[in-house]
Amino acid sequence: MPSFVPATPASNSIGSEGNVVQSNQNTDFGSFEHSLGFRIEDAINLSRTDPVFNQIKPNGRALGTDIQARAFNKSVVASERDQSSTASASQRIPLQKESQPNLLSIPGGHSENWGDSNMADTSPRTDSSSDDTDDRNQRLEAGPSAALGASDSSGRSKEKAVDQKTLRRLAQNREAARKSRLRKKAYVQQLESSRLKLTQLEQELQRARQQGIFISSSGDQSHSSNGNGAMAFDVEYARWLEEQNRHINELRSAVNSHVGDTELRIIVDNVTTHFDDIYRLKDTAAKADVFHILSGMWKTPAERCFLWLGGFRSSELLKLLISQLEPLTDQQMMGLYNLQQTSQQAEDALSQGMEALQQSLAETLANSPPGSTESSGNVANYMGQMAMAMGKLGTLEGFLRQADNLRQQTLLQMHRLLTTRQSARALLAIHDYFSRLRALSSLWLARPRE
Amino acid sequence: MDRVRELASKKAAVIFTKSSCCMCHSIKSLFYELGASPAIHELDHEASGREMEWALRNLGCTPSVPAVFIGGRFIGSAKDVISYHVDGSLKQMLIDAKAIWF
């Protein structure tokens, strides 16, 4: 609610209008408005002043003015009585008499306008709807009090006392209405944001279900610790994908609009730096749940087809890119071919290490010393076996890390061999390829089944 | 440390491993694939294995195995070796140290 206190212009939110009003006050009523201002605050808590209604514009710009006009009527009447200095009272009576007819006319003349303005005004007027009712109340009050304006002072004093109580009551009503409106607004906003969150969650759930992830019911807490790591990573991966899409779109538009090399370099570097983020995320997630990353359940089914040690095969990717990056210089062609070879060799080496790990693990678990009858010895053996097996499982994280390192290094080396423009096209090609794989997954999951 | 240095300088390509380490197996496979025949020293079968492991760790090798030396010079652990391999410098180092010829 805009507060308008003539005594303290700083708090006047109506701005210039208020200033104009103030000057009017000074010219018309002298010190009258000051006392009026104080009284208004005390009695009505509305901080409105009388002369504003003189400034009422039919277009309803001064929404406060209608209230203020009504308030003026009240305040004039109220403050009159409360003025200790009766000397001024006699001076004011004629003023009041003057103003009465105006007030009488205003409710009728301006109510439609105010009604219009009330409807037209939107956000800042949170209490505009109650103002209508308040105005109506005031109008009702204005009627009888205005009618009695011409009667003797004692009758008027009774009216003023009644009006004061009424005004206070009305003010309290207004405040209560305003507060409840604000509460309602806050509640609705809360509901809206919760609804958004709910739809987002439902979408994620749908996506996760499609990927075949087992969604445990809310009561199942048994694998919450691992599940949290896995689910947290899935969420972060989804976010990373969205960011990647944005970066790629930026890159695509830059390539299509043929921007300069320096600018393109910056965008390309942005994309490659963004790639580092996912490897960092995978590293963190692997510490929590290496099997989730290795399983590839965070990828779509079609991507999982090509899964190797928790991700894609760099050598395969290079094979695809070489054909798409033409034209290439002989040197580039050689470099890329060599790169494909070396990544293939590294992949094979890591695969062999994984096989050795599998074999070693199997041997550890299958190993049972023949013919030992001592139960404690068996238990000790068992525990020893388990401890060894646990140690071997722990090395899986190392393999995943080396595999991701290989992927990162391969991409880095590829960019070293290419020009900026070729790098851009390579990044677009990689993204398009994986997008198609993901689209294929969606189609596959949505296929009609008999 | 002396033992490490001594063994590392005996052959062009030397790898310190542990028999239980599967990542060591990967790095060994990579060297064989490149045509090198590195000298393999398993720390868990060496007399001063524990001191050697400590010495390797002091060199900055984490994890301590596999630790790769080429031409007597410490190259690094699995991560470094793979990185050098990808950018082509591993092969060059092996050629320079005469561990391989092409």
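Here, each number is a calculation from the coordinates, and none is a lab measurement. Keep in mind that this is a model prediction, so the values were computed, not measured. Positions of Cβ are backbone-derived with ideal geometry, glycine not excepted, and every protein chain shown enters the neighbour counts.
Summary table
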item	result
Neighbour-limited loop hits for trypsin sites (Lys or Arg not before Pro), the stretch A:413-450 (at most 10 other Cβ within 10 Å; DSSP other than H, G, I, E, B)	A:R449
Filter on A:K319/B:K11; A:K165/A:K185; A:K282/B:K10; A:K287/B:K28; A:K282/B:K18 - keep pairs with C-alpha separation over 32 Å	A:K319/B:K11; A:K282/B:K10
A:N173 versus A:L443: modelled label distance in nm, points set 7 Å from Cα along the beta carbon direction	6.8
Angle between chain B longest axis and helix B:22-34 axis [Cα atoms, degrees, rounded to 10]	30
Per-residue mean of C-beta atoms belonging to partner chains within 10 Å, peptide B:76-86	6
Burial ranking of peptide ranges A:439-446, A:187-194 (average Cβ count within 10 Å, highest at the top)	A:439-446, A:187-194
Three semi-axes of the equivalent ellipsoid, the stretch B:2-96, Cα gyration tensor, whole Å, largest first	20, 13, 12
Length-normalised contact order of chain B in % [C-alpha pairs under 8 Å, at least 6 apart]	34
Fraction of antiparallel bridges per DSSP, the stretch B:2-96 only, in percent to nearest 5	65
Proximal charge balance of A:E263 [Cβ under 12 Å; K/R count +1, D/E count -1]	-1
Cut-off 13 Å between beta-carbons: net charge of the residues surrounding B:I40, Lys and Arg +1, Asp and Glu -1	+1
Value at 222 nm in deg cm²/dmol, rounded to 500, when DSSP H runs of n ≥ 4 in chain B each add -39,500 (n - 2.57)	-13000 deg cm²/dmol
